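Reading through the structure tokens given below for one structure.
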Amino acid sequence: MANSIENVMEEHVLRATKMVEDQLDSELHRLENLDEDELDAIRVKRLEQMKKQNAQKQEWLSQGHGSYSEVADEKDFFQATKKSHRVVCHFYRDSTFRCKIVDKHLAELAPKHVETRFIKIDVEKARFLVDKLKVRMLPTIVLIKDSKTVDRIVGFDELGGKDEFSNDMMEWRIARSEVISYSGNIYEPPTSESKKAIHFAAKKTIRSHEDDFSDED
């Protein structure tokens with residue numbers, strides 16, 4: 001009985017493989033038999049795509065994408081989120097050591113993800129925002145799409161629970177909210193060590209009248 005099931009499964013795999021091979025052969029045959037007009041049309045279409053991509057990249061760069069920068073105040077924050085479709089914003093305080101760790105990772109990710117604006121803002125200069133977004137622990141990274149907050153990363157629990165984590169881990173966590181383009185698996189952390197350490201904290205209700213910030217222990 002077991003051998004019979006294995007034979008059936010093997011037959012299905014072989015059939016699926018043959019179908020893929022036939023499709024590839026058919027596509028190769030089509031490409032090999034294109035005439036000059038068809039090849040020219042493909043080249044023109046590809047060139048137009050490249051021009052559009054380059055124009056989009058230049059527009060992003062003109063808006064501050066491609067680097068990690070500080071916005072001076074809340075007005076600049078709102079301007080940034082209005083101009084850019086996707087924004088990663090780090091709420092920080094100079095005296096908080098872990099904020100400097102976040103700075104390092106975001107500064108290295110920003111040039112890699114030109115499609116997204118990476119910024120930071122000093123919590124002492126953004127009291128209205130801090131209250132509105134209920135930022136109560138530092139560091140906090142707020143993830144924004146179309147001027148709306150879609151997610152946040154509070155502390156390092158979701159990054160492995162320790163100070164030493166990789167750029168890949170930060171990139172993966174941001175990608176889970178679709179705020180950056182990502183080709184990896186968003187459902188699993190990038191390393192086996194992180195899979196064991198990571199845990200997702202349940203959302204907690206935060207009292208809006210509380211004014212003091214706490215640093216993650």
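Could you give every pair whose Cβ atoms fall below 9 Å, whose first residue belongs to the stretch 83-112 and is in contact (Cβ under 8 Å) with a residue 60 or more places away in the chain, and whose second residue is in a helix (DSSP H, G or I) and charged (D, E, K, R), counting only separations of at least 6 or pairs across chains?
That search, which allows pairs on different chains as well, returns 93/124; 105/171; 109/171.
Go through the stretch 124-144 and give me each residue that's touching a residue at least 60 places away in the same chain (Cβ under 8 Å) and either basic (Lys, Arg) or surrounded by fewer than 19 Cβ atoms within 10 Å (Cβ to Cβ) (or both).
131, 134, 136, 137
Which numbered condition in (1) touching a helix residue (DSSP H, G or I) at 6+ places or on another chain (Cβ under 7 Å); (2) of a type outside the set (Val, Ile, Thr); (3) surrounded by fewer than 18 Cβ atoms within 10 Å (Cβ to Cβ) is the only one that residue 118 fails?
(3)
Sort through 208, 194 and tell me the only one that's open to solvent by less than 60 Å² (accessible area, probe 1.4 Å), modelled with pLDDT under 90 and over 24 Å from residue 69 (Cβ atoms).
194
Working only within the stretch 91-109, note down all residues that are under 18 Å from residue 74 (Cα atoms) and crowded, with 22+ Cβ neighbours inside 10 Å.
Answer for the stretch 91-109, where residues must be under 18 Å from residue 74 (Cα atoms) and crowded, with 22+ Cβ neighbours inside 10 Å: 91, 92.
Please state which of the following conditions residue 214 fails to meet, knowing it meets all the rest: (1) modelled with pLDDT under 90; (2) open to solvent by 70 Å² or more (accessible area, probe 1.4 Å).
So residue 214 meets the others, but not (2).
Just the residues that are in contact with a Ser or Thr (Cβ under 9 Å, 6 or more places away or on another chain) and open to solvent by 10 Å² or more (accessible area, probe 1.4 Å), please, taken from the stretch 150-159. Walk me through how you get there before you give the answer.
Quick first cut of the stretch 150-159, residues in contact with a Ser or Thr (Cβ under 9 Å, 6 or more places away or on another chain) only: 150-155, 159.
Answer for the stretch 150-159, where residues must be in contact with a Ser or Thr (Cβ under 9 Å, 6 or more places away or on another chain) and open to solvent by 10 Å² or more (accessible area, probe 1.4 Å): 150, 151, 152, 154.
The values are calculated or read from the model by the stated rules, or taken from the named source; none is laboratory data. It should be emphasised that the depicted structure is a prediction, and the values quoted were computed from it without experimental measurement. Cβ: placed from backbone, ideal geometry, glycine included. Neighbour counts: every protein chain shown. When the accessible area is computed, the model is the full protein with side chains, heavy atoms only, and any ligands, DNA or RNA have been set aside. Shrake-Rupley method; radii C 1.70, N 1.55, O 1.52, S 1.80 Å.
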